[in-house]
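Trainee: Supplied in structure tokens, the structure appears directly below.
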Amino acid sequence: MDLVAGIDSGSTTTKAIVLDRQEMIVGFAILPTGADSRDASQKVLGRVLDEIGVGQTDLAFVVATGYGL
């Protein structure tokens, strides 16, 4: 699959989204950031990948941004 993921780590929530080749949203997740933004980023990406039934090796690339990075 040609999938890409984006992660936005904010001070209160961390969000992840996965898009397909046609730039259609195939999954997203939102979790509280908490005290550890790195952990929140890993968890939110894991959650969205689990929900759509793929693994990290199915991603062409991941882009991250935000307060917690």
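The values are calculated or read from the model by the stated rules, or taken from the named source; none is laboratory data. This is a predicted model, so every value here is computed, not measured. Quick reminder, even Gly has a Cβ in these numbers, built from the backbone with ideal geometry, and neighbours come from all protein chains shown. What goes into the accessible areas is simple: the full protein's heavy atoms, side chains included, and nothing from ligands, DNA or RNA. Shrake-Rupley method; radii C 1.70, N 1.55, O 1.52, S 1.80 Å.
Trainee: Of the residues Asp50, Asp36, Asp58, Asp20, which is surrounded by fewer than 17 Cβ atoms within 10 Å (Cβ to Cβ), among the charged types (D, E, K, R) and farther than 14 Å from Ala5 by Cβ?
Mentor: Going through Asp50, Asp36, Asp58, Asp20 in turn, the sole match is Asp36.
Trainee: Being open to solvent by 30 Å² or more (accessible area, probe 1.4 Å), in contact with a strand residue (DSSP E or B) (Cβ under 9 Å, 6 or more places away or on another chain) and more than 11 Å from Gly6 (Cβ to Cβ) is the filter here; which residues of segment 24-33 pass it?
Mentor: Answer for segment 24-33, where residues must be open to solvent by 30 Å² or more (accessible area, probe 1.4 Å), in contact with a strand residue (DSSP E or B) (Cβ under 9 Å, 6 or more places away or on another chain) and more than 11 Å from Gly6 (Cβ to Cβ): Val26, Ile30, Pro32.
Trainee: Restricting the first residue to segment 52-69 and requiring it to be over 17 Å from Asp8 (Cα atoms), which pairs with a second residue that is modelled with pLDDT under 95 and of a type in the set (D, E, K, R) meet a Cβ separation below 8 Å and a spacing of at least six or different chains?
Mentor: What qualifies is Ala60/Asp2.
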